[in-house]
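Novice: Once you've had a glance at the structure underneath, I'll fire off some questions.
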2 protein chains.
Amino acid sequence: MHTAQDLYPSRVGQQEKIINRKDPVVYGDQQSESPWSLSPSQLKQFDEDGFLVLPNYLPSLVDSIKNEAQVLKKKLAGRDERVLEPDSGELRSLFALHRHSEFLADVSRDARILTPVEQILASQAYVMQSRLNIKPAFKGKSFAWHSDFETWHVEDGMPRMRAVTAWIMLTENTPYNGPLYVVPGSHKKFVSCEGTTAQDNHKTSLRQQKAGVPKPESLEAMLDDKGIQGIYGPPGTLVLHECNILHGSPDNLSPWPRSIAMFVYNSVKNKVQEPFGGIKPRPEYLSDPDMTPLKKSTKLI
Amino acid sequence: MHTAQDLYPSRVGQQEKIINRKDPVVYGDQQSESPWSLSPSQLKQFDEDGFLVLPNYLPSLVDSIKNEAQVLKKKLAGRDERVLEPDSGELRSLFALHRHSEFLADVSRDARILTPVEQILASQAYVMQSRLNIKPAFKGKSFAWHSDFETWHVEDGMPRMRAVTAWIMLTENTPYNGPLYVVPGSHKKFVSCEGTTAQDNHKTSLRQQKAGVPKPESLEAMLDDKGIQGIYGPPGTLVLHECNILHGSPDNLSPWPRSIAMFVYNSVKNKVQEPFGGIKPRPEYLSDPDMTPLKKSTKLI
């Protein structure tokens with residue numbers, strides 16, 4: 001049982017409804033002298049929109065990450081960390097990069113990423129989850145609209161909204177290769193979804209998510225004058241993405257894969273508990289139990 | 001058996017290959033004094049790219065077409081002219097608009113549409129096919145890459161490339177509601193596809209096309225420096241679309257349907273024969289046997 005109150009009940013058998021966010025978006029006073037810290041206007045934009053795009057931010061890491069991904073793909077053959085496309089069976093995602101690769105663990109600690117993350121969270125952080133998304137050319141299927149936090153809360157026991165996802169574009173992200181769509185501002189609300197969660201839901205949801213997907217009416221209610229926004233950029237672009245922003249992506253019809261490497265940073269002050277959905281915790285490759293605070297590294301700079 | 005030679009063999013059991021177009025794109029000398037004719041530069045663009053967008057061209061027709069579509073939806077209940085979405089079972093397409101509605105037959109003859117069509121074809125034309133595509137909000141699924149001509153040639157017996165599709169946007173077409181993607185210039189080649197065609201292929205292909213879909217390698221080979229282009233515009237925008245241009249569209253993840261009304265104009269000099277794929281002809285709602293030349297109308301202007 002939980003000691004903490006469930007501030008964001010979802011999939012607990014009630015009717016779907018939209019409730020207010022009960023946590024800050026940007027924590028603390030955010031002053032920072034680091035060359036890699038975000039400016040006040042960038043922090044303001046992240047606070048308002050729920051995401052921030054830093055074009056062409058880490059171009060020198062792209063080839064090394066791609067090469068390491070090839071190594072990992074083989075190393076993890078036959079393991080659950082590899083998730084396949086629902087129709088074609090091609091590789092869709094590869095999880096726990098930071099657990100299986102020293103180099104990718106270094107990337108996750110890179111001061112250029114970790115500085116803005118800690119600035120937003122006003123605390124140290126650890127990598128709760130990391131993954132490579134491939135979105136293969138022609139065969140990459142859509143991701144339904146969802147809030148990551150909703151899943152992490154219900155299925156992993158993340159109590160509060162105090163986590164940031166940082167993802168690096170490994171190929172150009174264009175309007176045509178199944179880009180990420182976000183609803184700017186949606187991170188300030190929470191869609192408490194209908195239904196309940198099956199044990200082992202993750203065994204199917206990572207291929208095609210069905211539980212925790214808001215209804216059309218809820219999505220529509222979240223849209224303000226910024227509507228839906230696509231996130232595009234050249235390889236090496238870094239995107240900071242608030243844990244609760246609604247996002248999804250269409251099929252990739254193009255001949256260009258849309259590949260990204262993604263690290264989920266949870267605040268060490270946001271200790272993961274038992275899943276709020278009453279299920280058993282998900283495997284460690286989806287929610288890392290090692291909450292040791294990351295130390296910023298300049299090794300790759 | 002055919003009297004005409006098959007200039008564009010496809011799905012005849014051979015390996016996929018790309019061959020050259022053997023027909024003009026813009027026929028005749030194209031001079032026209034009509035207020036609705038295309039300019040030389042517009043014709044040049046159509047010739048080069050294979051499509052032309054006329055933004056906000058017929059705004060006054062949009063509401064009337066939408067209202068008439070509602071009437072037709074009921075009138076055609078239970079008939080094959082209604083095609084449903086592969087997953088959700090929502091209405092995806094409605095065929096033979098010009099056969100079931102006097103008003104939509106008037107639209108098909110509208111001088112603002114028919115003048116540029118006849119100019120491109122350098123002949124009179126008839127409506128070979130017409131349809132409403134709904135692309136419903138959230139549930140509209142993708143259309144795979146294909147050339148319409150390939151289907152019309154193999155399954156309907158259209159001998160040459162001398163047809164133009166004109167479609168009217170009934171809702172705003174945006175990057176987010178499953179817009180049409182085209183490969184500019186692809187109409188100058190022809191992808192002779194693998195496989196053969198099953199009898200009654202149209203009973204499944206209109207929901208999800210599998211035969212006549214070029215391989216990834218072929219699509220890639222067709223891309224020039226213009227890459228892939230999305231077609232966007234406000235309601236009332238008219239798009240002229242060469243019969244052989246490669247096009248497709250992603251799923252609609254947005255809360256906005258992407259609805260269009262579409263008329264396929266075949267030249268009366270391009271008389272449809274027996275299907276080149278060796279199958280029995282498709283139903284009349286897909287390929288109208290009435291080749292009476294249309295008379296331009298100014299009734300709705």
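The values are calculated or read from the model by the stated rules, or taken from the named source; none is laboratory data. Fair warning: this is a prediction, and the values are worked out from it, not measured in the lab. Every residue, glycine among them, receives a Cβ derived from its backbone with ideal geometry; neighbour counts consider all protein chains shown. In case anyone asks, the SASA skips ligands and DNA or RNA and just uses the protein heavy atoms, side chains included. Shrake-Rupley method; radii C 1.70, N 1.55, O 1.52, S 1.80 Å.
Novice: Whole number please: convex hull volume per residue, Cα atoms of the stretch A:187-240, in Å³.
Specialist: 144
Novice: List, largest first, the extents of the alpha carbons of the stretch A:1-134 along their principal axes, each in whole Å.
Specialist: Sorted largest first, the three principal extents are 47, 43, 28 Å.
Novice: Please report Rg over Rh for the stretch B:116-185, where both radii come from the alpha carbon positions and Rh follows the Kirkwood definition.
Specialist: Radius of gyration over Kirkwood radius for the stretch B:116-185 works out to 0.99.
Novice: For the stretch B:12-81, what is the convex hull (Cα atoms) projected area averaged across all directions, in square nanometres?
Specialist: With every direction weighted equally, the projected area is 9.5 nm².
Novice: Report which residues of the stretch B:147-181 become buried by 20 Å² or more of accessible surface when going from the isolated chain to the complete set of protein chains (1.4 Å probe; DNA, RNA and ligands ignored).
Specialist: By number: B:175, B:176, B:181.
Novice: Turning to a different aspect of this structure: Springs between alpha-carbon atoms under 10 Å, Gaussian network over chain A: tell me which of A:159, A:184, A:40 tops the mean-square fluctuations.
Specialist: Of A:159, A:184, A:40, the most mobile in the Gaussian network model is A:40.
Novice: Dividing the alpha-carbon Rg of the stretch B:68-115 by 2.2 N^0.38 Å yields what?
Specialist: 1.32
Novice: A further question on this structure: What distance in nm separates the two pseudo spin-label positions at residue B:64 and residue B:99, each 7 Å out from Cα along the beta-carbon direction?
Specialist: 2.4
Novice: If packing is taken as the average count of other Cβ atoms within 10 Å, what order do A:253-262, B:82-91, A:207-216 fall into, highest mean first?
Specialist: Per-residue Cβ counts within 10 Å, averaged per peptide and sorted highest first, yield A:253-262, A:207-216, B:82-91.
Novice: Averaged per residue, what accessible surface does the stretch B:71-140 expose to a 1.4 Å probe, in Å²?
Specialist: 33
Novice: Rg and Dmax of the stretch B:88-153, Cα atoms, in Å?
Specialist: Every Cα atom of the stretch B:88-153 included, Rg and Dmax give 14.7, 43 Å.
Novice: If you don't mind, another one. Using only helices, what value at 222 nm comes out for chain B when you add -39,500 (n - 2.57) per DSSP H run of length 4 or more and divide by the total residues, to the nearest 500 deg cm²/dmol?
Specialist: For chain B, the value works out to -5500 deg cm²/dmol.
Novice: Rg/Rh for the protein assembly as shown: what does it come to with C-alpha atoms and Rh from Kirkwood?
Specialist: Rounded to two decimals, Rg/Rh equals 1.02.
Novice: Plugging the Kirkwood radius over Cα pairs into Stokes-Einstein for the stretch A:129-257, at a temperature of 37 °C and a viscosity of 0.692 mPa s, what D comes out in µm²/s?
Specialist: Approximately 212 µm²/s, per Stokes-Einstein.
Novice: Roughly how many whole Å is it from the C-alpha centroid of the stretch A:1-70 to that of the stretch B:79-128?
Specialist: 48
Novice: Then there is this: How much accessible area per residue does the stretch B:190-301 have, counting only protein heavy atoms and a probe of 1.4 Å, in square angstrom?
Specialist: 42
Novice: Expressed as a whole percentage, what fraction of the accessible surface of chain B belongs to carbon and sulfur atoms when a 1.4 Å probe is rolled over the protein heavy atoms?
Specialist: 50
Novice: Would you please give the FRET efficiency between residue B:269 and residue B:220, computed as 1/(1 + (r/R0)^6) with r the Cβ-Cβ distance and R0 = 51 Å, to the nearest 0.05?
Specialist: 0.90
Novice: Something else: Return the value, in Å² to the nearest 100, of accessible area buried between chains B and A (probe 1.4 Å, both sides summed).
Specialist: For chain B against chain A, roughly 1900 Å² becomes buried.
Novice: Can you give the alpha-carbon Rg of chain B over 2.2 N^0.38 Å, where N counts its residues?
Specialist: The value comes to 0.93.
Novice: Can you grab the distance from the C-alpha centre of the stretch A:197-245 to the C-alpha centre of the stretch B:191-250, Å, no decimals?
Specialist: For the stretch A:197-245 versus the stretch B:191-250, the Cα centre distance is 28 Å.
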